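Asks: Can you keep this structure in mind? I'll have questions shortly.
Please treat every number below as a calculation from the coordinates, not as lab data. Treat the numbers as computed from the prediction; the structure is a model and nothing was measured. Every residue, glycine among them, receives a Cβ derived from its backbone with ideal geometry; neighbour counts consider all protein chains shown.
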Amino acid sequence: MTTQKALSEEDQVHPSGDERYLSLDRTMKQFKYEKDSLLEVLNAAQEVFGYLSKDLLIYISNQLNVPMSQVYGVATFYHLFTFEPKGEHICIVCKGTACHVKGADRIIQALSDEFNIAAGDTTPDGLFSLTIARCLGSCGLAPVIVLNGQIYGKETPEAANRRVLEAVSRSKDELAQTMEVG
Amino acid sequence: MNFSTLEEVGNKERQRQEKYQRRIFCCTSTACLSAGAGQVHTTLDQAVAACKCDEHEAEVVKTGCMGLCSSGPLVRVEEKEVDPVLYGNVSQEMAQYIVSRHVPMGEIEEEVDSEEQDESVTPHDMLHYRASLRRARTQTELDNTIISLDHPFFSKQVKVVLNETGRINPDKLEDYLAHGGYKALAHVLDKMTPEEVCNEILDSGLRGRGGAGFPTGLKWNFVRQEGAENKFVIVNGDEGDPGAYMDRTVMEDDPHRVLEGMIICAYAVGASHGYLYIRGEYPIAVDRIRKAIRAARRRKILGKSVLGTKFGFNAEVRIGAGAFVCGEETALIHSVEGKRGMPRIRPPYPSTSGLWEAPTVINNVETMGNVPSIITRGAKWYSSIGTEKSKGTKVFALAGHLRNTGLIEVPMGITLREIVYDIGGGIPDDRQFKAAQTGGPSGGCIPAEFLDTPVDYESLTKLGSIMGSGGLVIIDDSTNMPDFANFFMDFCEDESCGKCIPCRVGTVQISKLLDKLISGEGKPEDLEKLDKLCQLVKSTSLCGLGQSAPNPVLSTLKYFGNEYDILVQPTQTVEAGES
């Protein structure tokens, strides 16, 4: 659908057929395709695409005229870049010092036990990612988790499990419904 | 546009604010937001509207952090000729009561009977009715949520950098101007030479607030004296220290202050371009700073001609992508250049060869935040605060096992005891104070016997910790120290950039040794090995990250050695502290 729509508006066409590249192009243009803007471009790319695929890195390498080895080197250096798609629901558990002394580890343990994934991984069904943050800077409310952008302070392992399970089961229900309809 | 036009804008805003009989400030910083401040703000707005009072009876203002994050959401009411009142843990319901207590009701029939509800009664009317009905009942309930502003949490603080946070709307340049914003910049451009500015900062005794404590004026003078055509200013907002959020708060809640300090710095050293390097995990800070830059450009505070003078300066935001080592200045420079954020050997220092080999000033957000106040109130005033070698104030993110946690700004030289027991309100749950951890992964743990140490750069270093950027985590006796040290070691191991061997390999080995000890498989000689290894990493690493990485281990070995000794005694199982 998106491809057809993009093709119908000629000036909006990106050779790849993926509109998201247009937005990335705008960012690169804004930085005048300067090599120095690599980090900014990678940030923008991740924001638009959600993760950095190999194709995307090759594209950036070509557009900025920076060797692929350097693009890959920079991308892998920083923690915020991911190379795999994230799950539909993302729970970030803060592991800053304040959260650590107030039991963030127990929350991480509870969630990884419940969903059988390690911190940093995504469930095989693509519904849930468990990620760790260095510090979210809400130390007054430690321990803190962020589920789908919503911050929860003074969190307990039980409450975190419940929240994530609710969110994930909602998606499962929706999925089941669309399957039935289909 | 020159400053008099700006001043007029500020005056207009001030006059507008003064027209209001009372202003209700609602904290909408991250901590309060997560406690529900968003809804509280909306409720306040609706409730004021429901009062149907005169337009100038009350205004609801969205502000930044008010400090006492553990009691959020916070709402402060400032009324003419009445002392301000601060409410804590405000719920939506409480927000209605607050409005009904402070804001007079407008002309509307008071006797609305609940049976007479019909469609003509709007939700606002109902709100109004309910509020007035509950007014009597809630007086005492409300009184219980009042936080006394005479509380040591507030009275022991001295606000310089955080002076406007919690008082102004960070998104409004006008509000900053109304509070005397950009006056320092105008003064500098009009009355002072770059040399005088550098010397004023030098005289104030301001030292780098990122942790190392290098005299800021000296740094500025180095760059000023460089003859290069291009010079740069970088503001370091890559607050990677877990347990610290001072810089985030200043950037989010008073972005123009950071910008003003930065422009003054640029004028003093002769830079025409600058970057604010902000941590990627702080999207709100990025957003607010960007907004502030746009507003400043519109008002010609940034651009080819700053405030109508010959001096031109432009600022841009660069977003970090999560690398603790980028707090190190040479690593940060590489990151701004779009490269891997790895440090290099100094010298040459950035003041001679920094960003793109040009002379560069790098200062932390909080350091820049001090600059406008120093210019406005003078070096003499600033140096009257603090100790002999550490002047001014320091912002700390107070967290951990304490009654009151939040963001505080204290004069240098205050004792840890005052911070823990007066400001922090002591340790809850009948537990005992065990240690104060300063400086995050680069700092150390200070035990109870040193609670009376004055907080300044030299004293903390002497104790084996560092001032650091301002993380201050208090831990009680439920915390196991080897485990705590291991937490930081894991962090450093993960964050080591891999350039130099002592840090890359050393942190891994220290961490392995700690794991071995904690799992109960350690031998007495392992403790000696641990100490040796720490000393080695400390003395041979390339940059500050590696040099300070062993601090958490070394300081806990020094002060809590018995907890390590227990680990290597045969037939002894691991137990957490005394709990």
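Asks: Past 22 Å, Cα to Cα: identify those pairs from B:K339/B:K499; B:K538/B:K558; A:K95/B:K532; A:K35/B:K231, in the order given.
Replies: Numbers: B:K339/B:K499 14 Å; B:K538/B:K558 15 Å; A:K95/B:K532 29 Å; A:K35/B:K231 20 Å.
From B:K339/B:K499; B:K538/B:K558; A:K95/B:K532; A:K35/B:K231, over 22 Å: A:K95/B:K532.
Asks: When 1/r is averaged over all different Cα pairs and the result inverted, which Kirkwood radius in Å belongs to region B:393-448?
Replies: Numbers: mean 1/r = 0.0853 Å⁻¹.
For region B:393-448, inverting the mean 1/r across all distinct Cα pairs yields 11.7 Å.
Asks: Then there's this: Could you give the angle, 0 to 90 degrees to the nearest 10, between helix A:20-30's Cα long axis and the longest principal axis of the Cα atoms of chain A?
Replies: The answer is roughly 70 degrees.
Asks: Out of region B:155-241, which GluC sites (Glu not before Pro) are coil in DSSP terms and have no more than 10 other C-beta atoms within 10 Å? Walk me through the numbers on the way to the answer.
Replies: On the way: sites: B:E164, B:E174, B:E195, B:E196, B:E200, B:E226, B:E229, B:E239; in loops: B:E164, B:E226, B:E229, B:E239.
Here the sparse-neighbourhood loop sites are B:E229.
Asks: Multiplying the sequence separation of A:N65 and A:Q150 by 0.36 nm and subtracting their Cα-Cα distance, what value in nm do you get? Walk me through the numbers before you get to the answer.
Replies: Values: separation 85, 0.36 × 85 = 30.60 nm, distance 3.87 nm.
Once the chain is fully extended between A:N65 and A:Q150, it gains 26.7 nm.
Asks: What dipole magnitude, in Debye to the nearest 20, does the protein assembly as shown give about its Cα centre under +1 on Lys/Arg Cβ and -1 on Asp/Glu Cβ? Could the numbers behind the result be given before it?
Replies: On the way: 80 positive and 105 negative charges, 589 e Å.
Result for the protein assembly as shown is approximately 2840 debye, rounded to the nearest 20.
Asks: If you don't mind, another one. Across the protein assembly as shown, what fraction of all alpha-carbon pairs, as a whole percent, falls in each successive 20 Å bin from zero upward?
Replies: The distribution over the protein assembly as shown is 15, 47, 32, 5, 0, given as percents.
Asks: Go through B:K12/B:K52; B:K12/B:K191; B:K191/B:K300 and tell me which ones have a Cα-Cα distance over 23 Å in this structure.
Replies: Violating the 23 Å limit, Cα to Cα: B:K12/B:K52; B:K12/B:K191.
Asks: What does the extension gain come out to for B:R344 and B:V505, with contour length at 0.36 nm per residue minus their alpha carbon separation?
Replies: The span from B:R344 to B:V505 would gain 56.2 nm if fully extended.
Asks: Which angle from 0 to 90°, rounded to the nearest 10, does the C-alpha axis of helix B:365-377 make with the longest principal axis of chain B?
Replies: The two axes meet at around 60 degrees.
Asks: How many nm separate the modelled label positions at B:D143 and B:K156, each set 7 Å beyond the Cα in the direction of the Cβ?
Replies: Taking the two extended label points, one gets 2.8 nm.
Asks: Please find the FRET efficiency linking B:S383 to A:T178, where r is the Cβ-Cβ separation and R0 is fixed at 60 Å, and quote it to the nearest 0.05.
Replies: Values: r = 68 Å, r/R0 = 1.14.
Result of the calculation: an efficiency of 0.30.
Asks: What does the charge dipole of region B:511-563 about its Cα centre add up to, to the nearest 20 debye, if the Cβ of each Lys and Arg holds +1 and the Cβ of each Asp and Glu holds -1? Don't skip to the end; give the middle numbers.
Replies: On the way: 7 positive and 7 negative charges, 35 e Å.
Roughly 180 debye, rounded to the nearest 20.
Asks: Would you please state the base-10 log of I(q)/I(0) at q = 0.06, 0.07, 0.09 1/Å for chain B, with intensities from the Debye formula using one equal scatterer on every alpha carbon?
Replies: -0.35, -0.46, -0.74
Asks: Then there's this: How long are the semi-axes of the ellipsoid equivalent to region B:470-563, from square roots of 5 times the Cα gyration tensor eigenvalues, in whole Å, largest first?
Replies: Working: eigenvalues 84, 53, 26 Å².
Over the Cα atoms of region B:470-563, the ellipsoid semi-axes are 20, 16, 11 Å.
Asks: Turning to a different aspect of this structure: Counting other Cβ atoms within 10 Å, keep those with at most 12, restrict to DSSP loop, and tell me which trypsin sites (Lys or Arg not before Pro) in region B:309-414 are left. Provide the component values of the computation, followed by the final result.
Replies: On the way: sites: B:K310, B:R318, B:K339, B:R340, B:R344, B:R377, B:K380, B:K389, B:K391, B:K394, B:R403; in loops: B:K310, B:K339, B:R340, B:R344, B:K389, B:R403.
Those that pass, being in a loop and sparsely packed, are B:K310.
Asks: Shifting gears a bit: Place +1 on the Cβ of every Lys and Arg and -1 on the Cβ of every Asp and Glu in region B:301-403, take the dipole about the Cα centre, and give the residue among B:A315, B:L355, B:C326 whose Cα lies farthest towards its positive end.
Replies: Comparing the listed Cα positions along the dipole, B:A315 ranks first.
Asks: Compute the whole-percent fraction of alpha carbon pairs in chain A spaced more than 21 Å apart.
Replies: On the way: 9920 of 16471 pairs.
Pairs farther apart than 21 Å: 60 percent.
Asks: Classify region B:334-440: rounded, prolate or oblate, from the alpha-carbon gyration tensor (a ≥ b ≥ c, eigenvalue square roots; a/c under 1.5 rounded; otherwise prolate if a/b is larger than b/c)?
Replies: Note, shape of region B:334-440 comes out oblate.
Asks: Region B:1-109: which GluC sites (Glu not before Pro) are DSSP loop and have at most 10 other beta-carbon atoms within 10 angstrom? Don't skip to the answer; put the middle values down first.
Replies: Working: sites: B:E7, B:E8, B:E13, B:E18, B:E55, B:E57, B:E59, B:E78, B:E79, B:E81, B:E93, B:E107, B:E109; in loops: B:E81, B:E107, B:E109.
Passing both the DSSP loop test and the Cβ count: B:E81, B:E107, B:E109.
Asks: Where does each of B:H56, B:H179, B:H401, B:H151 land when they are ranked from fewest to most other beta-carbon atoms within 10 angstrom? Walk me through the numbers on the way to the answer.
Replies: Values: B:H56 12, B:H179 19, B:H401 26, B:H151 15.
In increasing order of surrounding Cβ atoms, one gets B:H56, B:H151, B:H179, B:H401.
Asks: Now a separate question. List the residues whose amide H sits under 5 Å from the amide H of B:T415, counting only those 5 or more places along or on another chain, with H placed 1.01 Å from N in the peptide plane.
Replies: B:V455
Asks: Let me ask something additional. State the percent of C-alpha pairs, over all pairs in region B:229-282, separated by a distance greater than 19 angstrom.
Replies: Values: 453 of 1431 pairs.
Here the tail beyond 19 Å accounts for 32 percent of pairs.
Asks: Provide the convex hull volume over Cα atoms per residue for region B:323-373, in Å³.
Replies: Details: hull volume 4.2 nm³, N = 51.
So the per-residue hull volume is 82 Å³.
Asks: Using alpha-carbon positions, what is the distance between the centroids of region A:85-133 and region B:359-432, in Å?
Replies: A separation of 34 Å, based on Cα centres.
Asks: Using the Karplus curve 6.51 cos²θ - 1.76 cosθ + 1.60 with θ = phi - 60°, what ³J(HN,Hα) values do you get for each residue of region B:298-313, in whole Hz, with x for Gly and Pro?
Replies: 4, 8, 6, 8, 10, x, 5, 10, 6, 6, x, 9, 7, 6, x, 7
Asks: Roughly how big is chain B's charge dipole about its Cα centre, with Cβ charges of +1 (Lys, Arg) and -1 (Asp, Glu), in debye to the nearest 20? If you can, show how the numbers build up before the last one.
Replies: On the way: 63 positive and 81 negative charges, 550 e Å.
So the dipole magnitude of chain B works out to roughly 2640 debye.
Asks: Using the charge dipole of chain B (Lys, Arg: +1 at Cβ; Asp, Glu: -1 at Cβ; taken about the Cα centre), state which of B:S541, B:S519, B:L557 has its Cα farthest towards the positive end.
Replies: B:S541
Asks: Note the angle between two axes, namely the Cα long axis of helix B:501-518 and the longest principal axis of the Cα atoms of chain B, as a number of degrees from 0 to 90, rounded to the nearest 10.
Replies: Its long axis makes an angle of about 80 degrees.
Asks: Same structure, new question: Report, by chain and number, residues whose modeled amide H sits under 5 Å from the one on B:I446, excluding near sequence neighbours (fewer than 5 apart, same chain).
Replies: Residues meeting the amide H criterion: B:A436, B:Q437, B:T438.
Asks: Positive end of the dipole of chain B, charges at C-beta (+1 Lys, Arg; -1 Asp, Glu), about the Cα centre: which of B:G36, B:Q432, B:Q509 has its Cα farthest in that direction?
Replies: Comparing the listed Cα positions along the dipole, B:Q509 ranks first.
Asks: Using the Karplus equation 6.51 cos²θ - 1.76 cosθ + 1.60 (θ = phi - 60°), what ³J(HN,Hα) coupling, rounded to whole Hz, does each residue of region B:465-477 give in order, writing x for Gly and Pro?
Replies: With coefficients 6.51, -1.76 and 1.60, one gets 10, 9, 4, x, 7, x, x, 9, 10, 9, 10, 9, 6 Hz.
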